[in-house]
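Below: the structure, in structure tokens.
The values are calculated or read from the model by the stated rules, or taken from the named source; none is laboratory data. Predicted model, so just to flag it, every value in this text is computed and none were measured. To get the accessible areas, we keep the full protein, side chains included, count just its heavy atoms, and leave off ligands, DNA and RNA. Shrake-Rupley method; radii C 1.70, N 1.55, O 1.52, S 1.80 Å.
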Amino acid sequence: MSRVLFTGATLLDGEHPPVSGRTVIVEGARIAAVDADATVSPRPGDDVLDLGGATLMPGMVQAHWHGSYSGLDFECPPVGLDRPPGYLMLLAAKQARLALER
């Protein structure tokens, strides 16, 4: 299986302070290992990408949404004052369920 090595990375994992001089080894679609640059030796056939200190971090998820918006088009959406609160609550619950199922 081919590997991709991202070397010279500053690693930001969201739980610890950033750490520089790291290599992230990707095999297929998975991260196989993360280690200090000095301890990783490329194998024949590896793709090595030197990041030169650039930051690697986990993918980000867009978590801002408006649950009471439904079926929007290119017109300015209502701000939620045009419907009763109970209706908007039910619509938001439906939209939240749809979002979770995706």
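Numbers for the structure displayed
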{"read-out": "Accessible area of Ser41 in the full protein assembly, 1.4 Å probe (Å², nearest 10)", "value": "90"}
{"read-out": "Rounded to 5, percent antiparallel among DSSP beta bridges of the chain", "value": "65"}
{"read-out": "Carbon + sulfur, % of accessible area of the chain - ligands and nucleic acids excluded, 1.4 Å", "value": "59"}
{"read-out": "For the chain, radius of gyration divided by Kirkwood radius, i.e. Rg to Rh on alpha-carbons", "value": "1.27"}
{"read-out": "Probe 1.4 Å - accessible area at Leu12, Å² to nearest ten", "value": "60"}
{"read-out": "Under the Karplus curve 6.51 cos²θ - 1.76 cosθ + 1.60, θ = phi - 60°, whole-Hz ³J(HN,Hα) for the range 9-15, x wherever Gly or Pro sits", "value": "8, 9, 9, 10, 9, x, 10"}
{"read-out": "Per-residue ³J(HN,Hα) for the range 41-46, Karplus 6.51 cos²θ - 1.76 cosθ + 1.60, θ = phi - 60°, Hz, x for Gly and Pro", "value": "10, x, 9, x, x, 5"}
{"read-out": "Cut-off under 5 Å, modelled amide H: who pairs with Val48 long-range", "value": "Leu5"}
{"read-out": "Solvent exposure of the chain as accessible area per residue, Å², 1.4 Å probe", "value": "78"}
{"read-out": "Glu27 accessible area, 1.4 Å probe, all protein chains in place, Å² to nearest 10", "value": "60"}
